[in-house]
Amino acid sequence: MDILRFATAGSVDDGKSTLIGRLLYDSKAIFEDQLQSVERTSRDRGEESTNLALLTDGLRAEREQGITIDVAYRYFATPRRKFIIADTPGHIQYTRNMVTGASTADLAVILVDARNGLTEQSRRHAFLTTLLRVPHLVLAVNKMDLVGFDQQVFEQICDEFSKFAAKLEVQDLTFIPISALLGDNVVDRSANTPWYEGPSLLHHLEHLHIASDRNLIDVRFPVQYVIRPHASSDPELHDYRGYAGQVAGGVLKPGDEVMHLPSGFSTRIKRIDMAGTPVDEAFPPMSVTLLLDDDVDISRGDLICRPHNHPRAAQDIEGMVCWMSADRPLAPRSRLIVKHTTRTVKGIVTDLQYRIDVNTLHRDETAPQLGLNEIGRVRMRLTQPVFADPYARNRMTGGMILIDEASNTTVGTVMITDAH
């Protein structure tokens, strides 16, 4: 069974946590004691019905304020597919948390309150999901029960969002009218929307084709760890030298010719192990160990690729930055630690080209710096080369994390647009 990772996004009070609670509840994916705990908490708070949002909002501050603050991950499965859900915050203060949750998603569900229509936050989240290259987008128009399941309201929001989405690079967009509170069109089709002919949300999630979203052309294997067991009891492990990591792109098979970067040395794959068992092929996002025909000096941070299809070894990077630090702004001459796949180097910001207003998509080329949750385009110079692809081509080899040198905390993310 394959795994679909999806993130929810939208304004505060659009019903993201309630929607996930409803999905878990209606698909029978929660335990009896979890449900009893939520029912008890709902009763204690004087609520008329069970508040399903409490299934994901676990922090005390989230329950008190009725908002999501941190990214909550939930796991469930149906007979067709396994799911990993990232319930991300809608509040403007927590944009960085939303970026974290959506960065690995195959699909984003953007919720819109049918009474309010598109808000500034809806546009912000749509822009961020396209910036993060989330391949599939679902606009779920929630709280349809509060507008009497009016077809006109739904179509008006769809038209407005379609016009905004035309400015963005949206690959696949689906519109679904729902009521997370009552369960309309969440797991089963609703009789209240006879004018809607599309699938329910769960049916769409179950049948969405995601295998072709991953880059299966460009072989990219960042080496994470060199495995040398040296077990004297097992003669097979005397000379075992494996290179462990997660496949970031392409398909690898025993016998394939591969090249090591930075040395440029070519060899062939002798064997591929996964959890100690040989496998016939490896593809994203499998974590495997490669055994090669020749002894090559390979260490953490190096990359294995095809001889005639390799990324650039780049020290000058251009990319879109989402700044996540409240303690310090990002400005030209800022020095940072840069983590790219498994390689860690130092870097300096040479130029801030513009800051982007995510609501109007206007570029402010006079901006002196980027503050918390702001997005802009920067140029960076690194002390050592990294093996990078554009983010649009490969999300793993095209992404970087920025780390503060003093505190060692993550302060930003970079989506690479150009590397040379």
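The values are calculated or read from the model by the stated rules, or taken from the named source; none is laboratory data. Keep in mind that what you see is a predicted model, and the values were worked out from it rather than measured. Heads up, the Cβs are rebuilt from the backbone with ideal geometry, glycines too, and the neighbour counts pull from every protein chain shown. Surface areas here come from the heavy atoms of the whole protein model, side chains and all, with no ligands, DNA or RNA. Shrake-Rupley method; radii C 1.70, N 1.55, O 1.52, S 1.80 Å.
Yes or no, residue by residue, for (1) closer than 26 Å to R377 by Cβ; (2) hydrophobic (A, V, I, L, M, F, W, C):
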residue	(1), (2)
G101	yes, no
T129	yes, no
V134	yes, yes
L139	no, yes
F149	no, yes
F161	yes, yes
V170	yes, yes
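Scan region 142-182 for residues that are outside any loop (DSSP other than H, G, I, E, B) and either open to solvent by 50 Å² or more (accessible area, probe 1.4 Å) or of a type in the set (G, A, S) (or both) and jot them down.
Step one: of region 142-182, the residues outside any loop (DSSP other than H, G, I, E, B) are 142, 144-147, 151-165, 172-177, 179.
Result: L146, Q151, Q152, E155, Q156, D159, E160, S162, K163, A165, L173, S179.
Looking at A77, A102, which is the one that is surrounded by 24 or more Cβ atoms within 10 Å (Cβ to Cβ), in contact with a strand residue (DSSP E or B) (Cβ under 9 Å, 6 or more places away or on another chain) and modelled with pLDDT of 70 or more? Please lay out each step first, then the result.
Values: A77 fails: surrounded by 24 or more Cβ atoms within 10 Å (Cβ to Cβ).
Just one listed residue meets the conditions, A102.
Out of region 190-205, which residues are part of a loop (DSSP other than H, G, I, E, B) and either open to solvent by 30 Å² or more (accessible area, probe 1.4 Å) or charged (D, E, K, R) (or both)? Outline the logic, then answer.
To start, the set of residues in region 190-205 that are part of a loop (DSSP other than H, G, I, E, B) comprises 190-200.
Within region 190-205, A191, N192, P194, W195, E197, P199 meet the criteria.
Filter region 7-27 down to the residues that are surrounded by fewer than 24 Cβ atoms within 10 Å (Cβ to Cβ) and either of a type in the set (F, W, Y) or in a strand (DSSP E or B) (or both) and list them by number. Break it down stepwise before answering.
In the first step, residues of region 7-27 are kept if they are surrounded by fewer than 24 Cβ atoms within 10 Å (Cβ to Cβ); the result is 11-13, 24-27.
The one that is surrounded by fewer than 24 Cβ atoms within 10 Å (Cβ to Cβ) and either of a type in the set (F, W, Y) or in a strand (DSSP E or B) (or both): Y25.
Suppose we filter region 314-360 for residues that are in a loop (DSSP other than H, G, I, E, B) and closer than 20 Å to V386 by Cβ; how many remain? Break it down into steps so the answer makes sense when it comes.
Of region 314-360, the ones in a loop (DSSP other than H, G, I, E, B) are 324-329, 331-334, 341-342, 358-360.
The next check asks that each one be closer than 20 Å to V386 by Cβ; those that pass are 334, 341-342.
Residues that pass the stated criteria total 3.
Within region 311-326, does at least one residue satisfy the condition of being open to solvent by 30 Å² or more (accessible area, probe 1.4 Å) and either closer than 20 Å to M98 by Cβ or touching a Gly at 6+ places or on another chain (Cβ under 8 Å) (or both)? Give the steps one after another, and end with the answer.
To start, the set of residues in region 311-326 that are open to solvent by 30 Å² or more (accessible area, probe 1.4 Å) comprises 312-313, 315-316, 326.
Still in the list and also either closer than 20 Å to M98 by Cβ or touching a Gly at 6+ places or on another chain (Cβ under 8 Å) (or both): 326.
Yes, because at least one residue in region 311-326 is open to solvent by 30 Å² or more (accessible area, probe 1.4 Å) and either closer than 20 Å to M98 by Cβ or touching a Gly at 6+ places or on another chain (Cβ under 8 Å) (or both).
Quick one: how many residues across region 327-342 are open to solvent by 10 Å² or more (accessible area, probe 1.4 Å) and either in contact (Cβ under 8 Å) with a residue 60 or more places away in the chain or not aliphatic (A, V, I, L, M) (or both)? Give the steps one after another, and end with the answer.
Quick first cut of region 327-342, residues open to solvent by 10 Å² or more (accessible area, probe 1.4 Å) only: 327-329, 331-335, 337, 339, 341-342.
Add one more test, that the residue is either in contact (Cβ under 8 Å) with a residue 60 or more places away in the chain or not aliphatic (A, V, I, L, M) (or both), and what stays is 327-329, 332-335, 337, 339, 341-342.
Number satisfying all stated conditions: 11.
Just name the residue that is most open to solvent (accessible area, probe 1.4 Å) out of those in region 368-397 that are small (G, A, S) and within 21 Å of F127 (Cβ to Cβ). So that I can check it myself, show each step before the final result.
Let us first name the residues in region 368-397 that are small (G, A, S), namely 371, 376, 388, 392.
Next cut, within 21 Å of F127 (Cβ to Cβ) only: 371, 376, 392.
Values: G371: 21, G376: 0, A392: 69 Å².
Among those that are small (G, A, S) and within 21 Å of F127 (Cβ to Cβ), it is A392.
Residues that are β-branched (V, I, T), at pLDDT 95 or above, under 30 Å from R228 (Cα atoms) and not in a loop (DSSP other than H, G, I, E, B): does region 365-381 have at least one? Break it down stepwise before answering.
Taking region 365-381 as the starting set, the residues that turn out to be β-branched (V, I, T) are 366, 375, 378.
From what is left, the residues that are at pLDDT 95 or above are 378.
Now drop any that are not under 30 Å from R228 (Cα atoms), which leaves none.
No.
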